[in-house]
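Only one structure is covered here, and it is reproduced in the block below.
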Amino acid sequence: MINAGELRKGLTFEWDGDVWEVIDFQHVKPGKGAAFVRSKIKSVLTGAIRDTTFNPSEKFEKVVIENKEMQYLYSDGELYYFMDQESYEQIPLEKDMVEDALNFIKENDMATINFYKGKAFRVTPPNFVELEVTQTEPGVKGDTSSGGSKPATVETGFTLNVPLFINTGDMIRIDTRDGEYMSRV
């Protein structure tokens, strides 16, 4: 058990029939009245974000989230299959759970899967990936003084803005946390 006064970023706990992760928190001690903890929490199962306040003495059940590095194998159209590298066990996941991660991973790539009580709830791609540009307009010569950008589609189907000097066939590095171009590889 933990109390609200011990809340920290990244901590997971059970409250109000759901599992929550602390995104942000602030201990407040007003001049009058009792102290309280103002926090922003996110449901790890549904993704809902809530702003709430707690009495510092409120108690919560601490929750352990298991993270596993797994390899994305293939999709059969409805389910997406990932394999545990240690036990070689394959698990099928629904599209809505892997949809965001599929922008940055292709078959045989590694991803981190979060489990709560043995049930997968989130797929996270590596922070940085290298993908090939499959379609982009050619840059116009002399149009580089402004440091402009243009849309480009990578091999997973994800579209992002890249500098004008990037061409079809180039390998680029992408930061998956915000979907931004980082560099040419």
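The numbers here are math on the coordinates, done by the rules we state, and not lab data. A quick note: this is a predicted structure, and the numbers were derived from the prediction, not measured. In this analysis, Cβ positions are derived from the backbone assuming ideal geometry, glycine residues included, and neighbour counts consider all displayed protein chains.
The table below lists the values:
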{"quantity": "Among the listed pairs 42/62; 68/95; 95/119; 9/32; 42/106, those beyond 22 Å (Cα-Cα)", "calculated": "9/32; 42/106"}
{"quantity": "Inter-label distance, nm, simple model (7 Å from Cα along the C-beta direction), residue 135/residue 40", "calculated": "3.6 nm"}
{"quantity": "Within-13-Å neighbourhood charge of residue 2 [Cβ basis; K, R +1; D, E -1]", "calculated": "-1"}
{"quantity": "Size-normalised alpha-carbon gyration radius of segment 44-185, reference 2.2 N^0.38 Å", "calculated": "1.34"}
{"quantity": "Only Lys, Arg (+1) and Asp, Glu (-1) charged, at Cβ; segment 83-126 dipole about Cα centre in debye", "calculated": "180 debye"}
{"quantity": "19 Å Cα-Cα reach of residue 59 towards aspartates and glutamates, excluding residues that sit fewer than 8 places from it in its own chain", "calculated": "6, 14, 16, 18, 21, 24, 51"}
{"quantity": "Amide proton proximity set for residue 176, modelled H, under 5 Å, gap of 5+", "calculated": "128, 129"}
{"quantity": "Over the chain, relative contact order from alpha-carbon pairs under 8 Å, at least 6 apart, %", "calculated": "14 percent"}
{"quantity": "Length gained when the stretch residue 1-residue 107 is fully extended (0.36 nm per residue, less Cα-Cα span)", "calculated": "34.1 nm"}
{"quantity": "Over segment 1-72, relative contact order from alpha-carbon pairs under 8 Å, at least 6 apart, %", "calculated": "35 percent"}
{"quantity": "3J(HN,Hα) from dihedral phi, segment 40-57, Karplus parametrisation 6.51/-1.76/1.60, rounded to Hz, x for glycine, proline", "calculated": "10, 10, 10, 6, 6, 8, 10, x, 5, 10, 9, 9, 8, 10, 10, 6, x, 8"}
